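A short worksheet on the structure shown next.
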Amino acid sequence: MTVRSHRADDVVDEVGVWLAGEFAGRLPAGEIDRVVKLTRLDLEGSIASEELGEMLHRLGRARLQRILDLAPATQVRIPRAR
């Protein structure tokens, strides 16, 4: 593993943690991780390496938000008092 790829992996991990915190409770952790990893693959070779963190966060967040927007609203059931 090169120094450059190690740094990119650190950036991906950091963005993953940030987005997991933002979307926790609304999307499963596995789905957030999958979106972050696929987004990194989409960006690889398309942008300058120093821009990876910001672009990954922006695009990953937009994709996760789109998933939420397309998903049917979950119904919150409040149990009746006895």
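The values are calculated or read from the model by the stated rules, or taken from the named source; none is laboratory data. A quick note: this is a predicted structure, and the numbers were derived from the prediction, not measured. Cβ: placed from backbone, ideal geometry, glycine included. Neighbour counts: every protein chain shown. In case anyone asks, the SASA skips ligands and DNA or RNA and just uses the protein heavy atoms, side chains included. Shrake-Rupley method; radii C 1.70, N 1.55, O 1.52, S 1.80 Å.
How many residues, within the stretch 20-43, are over 11 Å from the mean Cα position of the chain (by Cα), surrounded by fewer than 12 Cβ atoms within 10 Å (Cβ to Cβ) and closer than 22 Å to ALA8 by Cβ? Going through the stretch 20-43 one residue at a time, the tally reaches 1.
Restricting the first member to the stretch 1-21 and to residues that are on the phi > 0 side of the Ramachandran plot and modelled with pLDDT of 95 or more, and the second to residues that are assigned to a helix (DSSP H, G or I) and open to solvent by 40 Å² or more (accessible area, probe 1.4 Å), no beta-carbon pair is closer than 8 Å while six or more apart or on different chains.
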